[in-house]
Amino acid sequence: MALSLLFPLVTTLLLMQTLADTSCTDCFVQSRASYYPNSEVNGTDAGACGFGSFGATINGGDVSAASNLYRNGVGCGSCYQVRCTNNTYCSDNGVTVVITDQGSGDDTDFILSQRAFGGMAQTSDEAPYLLALGIVDIEYRRVSCSYPNKNITIKMDESSSNPNYLAFVIWFQQGMRDITAVQLCETQNFVCKLLDRTHGAVWTTTSPPSGPLSLRMLFSAEDGEQTWVVPVSNIPEDWKAGETYDSGVQVDK
């Protein structure tokens, strides 16, 4: 083959490889992870996402704070497969964690619960040795959140006051898309109000619509695809602070 023909071919192959690498959504990213040194085995009940005590026990306590992946609260509720790379102690599968808090330290992307950090070990006997290291090199990728037999659930914040102020967080966010917008709609005249994300996963409005309320959630994928999801169950007119309301829907991906 002539050199003049070989060079364009090589250039094309390299370009195709570069495009394939940058478009990979299932690839592992190299980073580091530590764990909450003074926490309980499970997660914290005071995380920046606003999940409260739910954030300490969701996913069996396999949770994490994140730095860049927190994304001003958009990353709250997202799931990641995290595995350490120390061949002596670390398993091939690692652990799947849910982002419930914001935090960073010593160039880490994750601050895991002690349970999750030890869960990266090959066996429970090796978990204490892994914990003793404190900080480990890891690789991670985003994965789909799955909560068998659970629907997306709305938890009214204790600060809510019907009918003057409404604040809530969304529990059991499924799939691997982000919730980037939330609307509340009156079920009688279908007038909708776009809510504010005040912090973490907390959505609020100072003037809630009246009557039974229909919720609409905008799920956004990394490729830019967006889908509005409308629960089959409404929030009742007499909603109360501290109560939870089952949306009746699940999101697989």
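The values are calculated or read from the model by the stated rules, or taken from the named source; none is laboratory data. What you see is a predicted model; the values in this text were computed from it and never measured. Cβ placement follows ideal geometry from the backbone for every residue including glycine, while neighbour counts extend to all protein chains displayed. Just so you know, the surface numbers come from the protein's heavy atoms only, side chains and all, with ligands and any DNA or RNA stripped out. Shrake-Rupley method; radii C 1.70, N 1.55, O 1.52, S 1.80 Å.
Could you tell me how many of the residues in the stretch 37-74 are of a type outside the set (Ser, Thr, Tyr) and outside any loop (DSSP other than H, G, I, E, B)? Even if it seems obvious, please write down each step before you answer.
Step one: of the stretch 37-74, the residues of a type outside the set (Ser, Thr, Tyr) are 37-38, 40-43, 45-52, 54-56, 58-63, 65-66, 68-69, 71-74.
This time we only want the ones that are outside any loop (DSSP other than H, G, I, E, B), so: 54-56, 58-61, 63, 65-66, 68-69, 71-73.
Total satisfying the criteria: 15.
Which residue is modelled with the lowest pLDDT, if the candidates are limited to the stretch 15-36 and must be among the hydrophobic types (A, V, I, L, M, F, W, C), outside any loop (DSSP other than H, G, I, E, B) and open to solvent by less than 90 Å² (accessible area, probe 1.4 Å)? Steps first, please.
So in the stretch 15-36, the residues among the hydrophobic types (A, V, I, L, M, F, W, C) come out as 15-16, 19-20, 24, 27-29, 33.
Now restrict to residues that are outside any loop (DSSP other than H, G, I, E, B): 15-16, 19-20, 29, 33.
Imposing the further condition that a residue be open to solvent by less than 90 Å² (accessible area, probe 1.4 Å) reduces the set to 20, 29, 33.
Numbers: ALA20: 42, VAL29: 97, ALA33: 97.
Filtering the stretch 15-36 for residues that are among the hydrophobic types (A, V, I, L, M, F, W, C), outside any loop (DSSP other than H, G, I, E, B) and open to solvent by less than 90 Å² (accessible area, probe 1.4 Å), the one modelled with the lowest pLDDT comes out as ALA20.
How about the stretch 87-98: which of its residues are out of contact with any helix residue (DSSP H, G or I) (no Cβ under 6 Å at 6 or more places or on another chain) and of a type outside the set (D, E, K, R)? Show your work before the answer.
So in the stretch 87-98, the residues out of contact with any helix residue (DSSP H, G or I) (no Cβ under 6 Å at 6 or more places or on another chain) come out as 87-88, 90-94, 96.
Correct list: ASN87, THR88, CYS90, SER91, ASN93, GLY94, THR96.
Output the number of residues of the stretch 37-56 satisfying the condition of being at pLDDT 90 or above and open to solvent by less than 80 Å² (accessible area, probe 1.4 Å). Break it down into steps so the answer makes sense when it comes.
Initial filter on the stretch 37-56 (at pLDDT 90 or above): 47-56.
Still in the list and also open to solvent by less than 80 Å² (accessible area, probe 1.4 Å): 47-52, 54-56.
So the answer is 9.
Mind listing whichever residues of the stretch 133-150 are buried (at least 19 other Cβ atoms within 10 Å of the Cβ) and farther than 17 Å from ARG83 by Cβ?
CYS145 - this is the single residue of the stretch 133-150 that is buried (at least 19 other Cβ atoms within 10 Å of the Cβ) and farther than 17 Å from ARG83 by Cβ.
Does LYS240 satisfy the criteria of being in contact with a Phe, Trp or Tyr (Cβ under 6 Å, 6 or more places away or on another chain), in a loop (DSSP other than H, G, I, E, B) and open to solvent by 40 Å² or more (accessible area, probe 1.4 Å)?
Working: in contact with a Phe, Trp or Tyr (Cβ under 6 Å, 6 or more places away or on another chain): no; in a loop (DSSP other than H, G, I, E, B): yes; open to solvent by 40 Å² or more (accessible area, probe 1.4 Å): yes.
Spelling it out, it is not the case that LYS240 is in contact with a Phe, Trp or Tyr (Cβ under 6 Å, 6 or more places away or on another chain), in a loop (DSSP other than H, G, I, E, B) and open to solvent by 40 Å² or more (accessible area, probe 1.4 Å).
Counting only residues that are open to solvent by 60 Å² or more (accessible area, probe 1.4 Å) and outside any strand (DSSP E or B), which one in the stretch 209-231 is farthest from LEU166 (Cα to Cα)? I'd like the intermediate steps shown before the answer.
Going residue by residue through the stretch 209-231, those that are open to solvent by 60 Å² or more (accessible area, probe 1.4 Å) are 210, 216, 222-223, 225-226, 228, 230.
Checking the rest, the ones that are also outside any strand (DSSP E or B) come to 210, 222-223, 225, 230.
Numbers: SER210: 11, GLU222: 30, ASP223: 32, GLU225: 29, VAL230: 19 Å.
Looking at the filtered set, the residue picked out is ASP223.
I'm checking my understanding of the structure. Among residues of the stretch 185-204 that are farther than 17 Å from TRP228 by Cα and either in contact with an Asp or Glu (Cβ under 7 Å, 6 or more places away or on another chain) or without any contact (Cβ under 8 Å) to a residue 12 or more places away in the chain (or both), which one is surrounded by the fewest Cβ atoms within 10 Å (Cβ to Cβ)?
ASN189
Looking at (1) surrounded by fewer than 18 Cβ atoms within 10 Å (Cβ to Cβ); (2) among the β-branched types (Val, Ile, Thr); (3) without any contact (Cβ under 8 Å) to a residue 60 or more places away in the chain, can you tell me which one VAL182 breaks?
Among (1) surrounded by fewer than 18 Cβ atoms within 10 Å (Cβ to Cβ); (2) among the β-branched types (Val, Ile, Thr); (3) without any contact (Cβ under 8 Å) to a residue 60 or more places away in the chain, VAL182 violates only (1).
Here are the criteria: (1) assigned to a loop (DSSP other than H, G, I, E, B); (2) in contact with a helix residue (DSSP H, G or I) (Cβ under 8 Å, 6 or more places away or on another chain). Tell me which single one ARG197 does not satisfy.
(1)
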